[in-house]
Amino acid sequence: MKDKDTPLQNAGINTRLAHIGYSPSDYHGFVNPPVVHASTVLFRDARTMETHDQKYTYGTRGTPTTDALCEAIDALEGSAGTVLVPSGLAAVTVPFLAFLSAGDHALVVDSVYGPTRFFCDTMLKRLGVEVEYYDPLIGAGIEQVIRPNTRLVHTEAPGSNTFEMQDIPAISTAAHRHGCVVTMDNTWATPLYFKPLDHGVDISIHAATKYPAGHSDVLMGTVSANAAHWQKLLDAHGQLGICGTPDDAYQVLRGLRTMGVRLERHQESALAIAQWLEGREEVARVLHPALPSFPSHALWKRDFKGSSGIFSFVLAVDSPEKFKAKAQAFLDALRIFGLGYSWGGFESLALHVKLNDRRITKAPTEGPVLRLQIGLEDVTDIKADIEKGFAAAKEV
């Protein structure tokens with residue numbers, strides 16, 4: 001059943017997730033789309049081969065399987081088109097390469113995903129693009145740092161690891177007055193809890209590795225554009241030859257069907273843990289935008305429909321010399337939490353956040369920052385595991 005069909009237009013999100021992007025009637029009634037593996041696609045005659053006047057022309061330009069996922073993402077984003085790429089980082093770098101040229105200036109939020117910063121400071125710099133990092137709380141004040149050659153403003157809300165919120169509508173409005181493209185990494189909220197294009201963003205970016213896939217076994221990114229920027233994004237995607245595979249698209253589409261109910265559980269459990277941590281003497285503060293105590297909570301409440309399962313807290317440590325030792329003791333004592341990167345899967349994860357690359361938004365001084373991905377385990381068991389971590393850190 002296609003999203004454009006009348007029964008889905010006003011349906012709830014879980015109903016839509018169960019049906020968007022693929023019609024069983026297209027493939028003999030099978031509930032899930034077939035995995036179409038392709039490199040070569042045959043043309044019916046020489047004229048068609050010359051003009052490319054058929055839907056599929058080569059494996060890098062899409063298959064029925066990848067199209068099914070793209071159509072589902074478009075239905076969620078309200079976008080003119082979506083491209084698939086092999087990772088969340090590629091979902092950031094492809095639009096940067098599409099819309100930036102040598103001599104251009106780009107503004108990137110200082111609380112950006114670490115690998116995005118590394119790409120900006122290395123490859124973009126080598127290609128002649130100047131990147132300037134700005135305060136995530138700048139809001140409409142971003143107009144003061146836009147230059148005549150500023151071509152792109154990159155946002156991420158909440159910010160990586162420290163979860164600062166951004167005033168996306170204000171930033172987008174100011175950027176558009178100067179002809180800038182606005183991109184947003186919206187992986188934390190997914191389009192279920194925030195739809196960037198509805199708030200003025202031109203390019204919406206997701207690491208589908210996270211909540212859409214949901215099982216810690218797929219790498220994929222999605223990039224969705226509004227009508228004004230879709231063709232340029234599509235052209236760059238084709239020129240770079242970067243594409244998502246049919247197998248991974250199938251896995252992500254399957255994960256998408258349960259993303260709504262999984263996100264509800266992630267949100268509920270993470271908030272319960274975050275609220276519990278606020279009352280612990282071992283915790284200096286909790287960095288979760290859905291908590292009323294969080295400095296930019298009002299922005300989250302105004303624009304977002306929900307929160308996901310990842311947040312950080314600052315472990316209360318008296319001496320900076322003990323930050324690392326106590327953080328590692330806490331992590332090493334955990335048994336339910338895995339120590340690993342990424343998030344969005346069914347399992348809880350933890351890590352010690354490194355913030356020494358920040359230019360403006362400096363690291364908290366009260367102690368080390370520990371990031372928690374709250375999985376689908378029972379909250380009682382998660383709390384007991386964190387208690388083990390606190391006990392171990394106290395002994396250091």
- prompt: What's the FRET efficiency of LEU339 with LEU42 using the Cβ-Cβ distance as r and R₀ = 41 Å, to the nearest 0.05?
  reply: 0.25
message: Rg/Rh for region 135-280 to two decimals, with Rh computed the Kirkwood way over all alpha-carbon pairs.
response: 1.01
field: Convex hull per residue volume in Å³, alpha carbons only, for region 105-145
entry: 49 Å³
Fully extended contour minus Cα-Cα distance, from TYR58 to THR173, at 0.36 nm per residue: 37.5 nm
- prompt: Between ASP318 and ASP357, how many nm apart are label points set 7 Å from Cα along the C-beta direction?
  reply: 3.5 nm
- request: Could you pull out the longest piece of the chain with no exposed loop GluC sites (Glu not before Pro) in it, calling a site exposed if DSSP puts it outside H, G, I, E, B and it has at most 12 other Cβ atoms within 10 Å?
  value: 1-280
message: Order TYR58, TYR211 by their accessible area, 1.4 angstrom probe, all chains in place, largest first.
response: TYR58, TYR211
- line: Taking 0.36 nm per residue of separation between ASN32 and THR380 and subtracting their Cα-Cα distance, the length gained on full extension comes to 121.7 nm
- request: Express the carbon and sulfur contribution to the solvent-accessible surface of region 50-202 as a percent, rounded to the nearest whole number, probe 1.4 angstrom.
  value: 52 percent
Region 49-102: C-alpha gyration tensor shape, a/c 1.5 cut-off, then a/b vs b/c: oblate
message: I'd like to check one number: the per residue accessible area of the chain, probe 1.4 Å, reported in Å² as a whole number.
response: 43 Å²
- prompt: Using the Cα gyration tensor of region 304-393, with a ≥ b ≥ c the square roots of its eigenvalues, what is the shape: rounded (a/c below 1.5), prolate (a/b larger than b/c) or oblate (neither)?
  reply: oblate
q = 0.16, 0.18, 0.22 Å⁻¹: log10 I(q)/I(0) that the Debye formula gives for region 62-184, counting C-alpha atoms only: -0.82, -1.00, -1.31
statement: Cα-based Debye curve of region 286-349 sampled at q = 0.24 Å⁻¹ gives log₁₀ I(q)/I(0) of -1.06
task: Rounded, prolate or oblate: pick one for region 147-215, where a ≥ b ≥ c are the square roots of the eigenvalues of its C-alpha gyration tensor, a/c under 1.5 means rounded, and failing that, prolate if a/b is larger than b/c, else oblate.
output: prolate
- request: Please give the length that would be gained between ASP235 and THR122 if that part of the chain were fully extended, namely 0.36 nm times their separation in residues minus their C-alpha to C-alpha distance (nm, one decimal).
  value: 38.3 nm
- prompt: Against the longest alpha carbon principal axis of the chain, how many degrees, from 0 to 90 and to the nearest 10, is the axis of helix 168-177 turned?
  reply: 50 degrees
field: Residue with peak Gaussian network fluctuation, the chain [Cα springs, cutoff 10 Å], from GLY309, GLY159, GLY340
entry: GLY340
query: In terms of the ratio Rg/(2.2 N^0.38 Å) built on C-alpha atoms, what value belongs to region 227-270?
result: 1.72
- prompt: Given the chain, what percent of its DSSP beta bridges are antiparallel, to the nearest 5?
  reply: 55 percent
- prompt: With the chain treated as a Gaussian network of Cα nodes joined by springs under 10 Å, which of SER216, SER308, SER172 yields the largest mean-square fluctuation?
  reply: SER216
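The values are calculated or read from the model by the stated rules, or taken from the named source; none is laboratory data. Just so it is clear, the model here is predicted, and its values are computed rather than measured. Glycine gets a Cβ as well: all are built from the backbone with ideal geometry, and neighbour counts include every protein chain shown. These accessible areas exclude ligands, DNA and RNA; they are computed on the full protein's heavy atoms, side chains included. Shrake-Rupley method; radii C 1.70, N 1.55, O 1.52, S 1.80 Å.
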